[in-house]
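Take a look at the structure below.
A short reminder: the numbers here are calculations on the coordinates, not readings from a lab. The structure displayed is predicted, hence computed values, not measured ones. Note that each Cβ is placed from the backbone with ideal geometry, even for glycine, and that neighbours are counted across all protein chains shown.
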Amino acid sequence: MSSTWHILGAGSLGSLWACRLARAGKAVRLVLRDRQRLQAYEQAGGLTLIEQEQPRHYAIPAETAQADGPIHRLLVACKAYDAAPAIAGLVPRLAEGADVLLLQNGLGSQDAVADLLPQARCVFASSTEGAFREGDWQVRFAGHGFNWLGDPRNPALPAWFDDLHEAGIPAEWTVDILTRLWRKLALNCAINPLTVLHACQNGGLLGHLAEVHGLCTELAALLRRCGQPQAAEGLEEEVQRVIVATAANYSSMYQDVHAGRRTEVHYLLGHACRVAARHGLQLPQLEHLLQRLVEHLRLRGLPCD
Ligand code: NAD
Ligand code: KPL
């Protein structure tokens, strides 16, 4: 079985992972959207990763989804709404027993991908690392963090896991990956939409703590109802800690809206509200928050899903 890391999505996180794996001597290939993107990439001659103000160039080979050859190990680094459509184009190339690592934030996209890939093992990741694109094929490593990886259907550690340590990618295998993803989703639901609606940095929510309290109460009820009581423990305290620790930052959703980019609301607050409805759980404050957010996006001509 080939040990090449194919990386679908050469954006912020995809490039960060690709460069670290490549510099550790791992075989890496980028899978780009189409021939036009491939041509532009080939003209640039590779990816540039900027770490502590030091740019370093990595001439990582690339191809399109239509290239030949089986894929045994795939890192999907697209946004949540792009993950399943992007994978659909690669299905014929995925080998029986392939490993597919899903880096998407929120929940819902992982199951959509797994449904398309009965022949593969899907590993879910929750990342607190930070990176952003400074230009085409140029990414800045902006915040050290951590990656939790796990497979809800199979607790066994994958054979490739050591590649991550060798590449200096901070990661731990967990059997509770869904708890991690739910906890991060809840944090994002309690903070991100309010920063958009109040047009503020995370610290601005210190002036709206009653609203944050109401949301945390409902989110904790949802987590308990959907079998994630651990993710509910101390939620409000952690939300307040994050608000204080990141007071000067703009949330990722705020940044997306500000830049006129599509948000991942469908896989965050939207997912929370859909799961609550499926459980017959009424969460009026979360539902009202979603309505206000959708209206806000609609008025700015941004997709609401
Ligand atoms: P990004 O927009 O920077 O990169 C996504 C890339 O996927 C883009 O280059 C896009 O062109 C590419 N893509 C989309 N469809 C494709 C297709 N069909 N074929 C090939 N490429 C395709 O996104 P990102 O910031 O790296 O985020 C990826 C995921 O990681 C998101 O779910 C995000 O929430 C999560 N995340 C990001 C960060 C971060 O700091 N950037 C941190 C934690 C979690
Ligand atoms: O993850 C975040 C984001 O901005 O997406 C934090 C900083 C935790 C706020 O929810």
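Observations, loosely collected:
- Here the Gaussian network model covers the chain, with springs between Cα atoms less than 10 Å apart; of Ala67, Ala84, Ala247, Ala67 fluctuates the most.
- Dipole orientation for the chain: of the candidates Leu107, Thr128, Leu8, Leu8 has the Cα lying most toward the positive pole (charges on Cβ; Lys, Arg +1; Asp, Glu -1).
- Of Ser252, Val275, Gln285, farthest towards positive along the dipole that unit charges on Lys, Arg, Asp, Glu beta carbons give region 246-293: Val275
- Modelled spin-label separation between Ala40 and His165, with each label point placed 7 Å from Cα along the Cα-to-Cβ direction: 3.9 nm.
- Computed extension gain for Glu295 through Ala248, at 0.36 nm per residue and net of the alpha carbon distance, reaches 14.3 nm.
- Point-charge dipole on Cβ atoms (K/R +1, D/E -1) for region 1-71, about Cα centre, debye to 20: 100
- Result for the chain in a Gaussian network model with C-alpha springs under 10 Å: among Ala98, Ala44, Ala232, the largest mean-square fluctuation is at Ala44.
- The residues neighbouring Pro55, those whose beta-carbon lies less than 13 Å from its own, together hold a net charge of -1 under the Lys/Arg +1, Asp/Glu -1 convention.
- Local electrostatic count, Pro118, Cβ distance below 13 Å [Lys/Arg +1, Asp/Glu -1]: -1
- For the chain, modelled as a GNM whose springs connect Cα atoms under 10 angstrom apart, the maximal fluctuation among Cys189, Cys19, Cys226 occurs at Cys226.
- Loop-resident sites, region 157-255, for GluC sites (Glu not before Pro), counting at most 14 other Cβ within 10 Å (DSSP): Glu233
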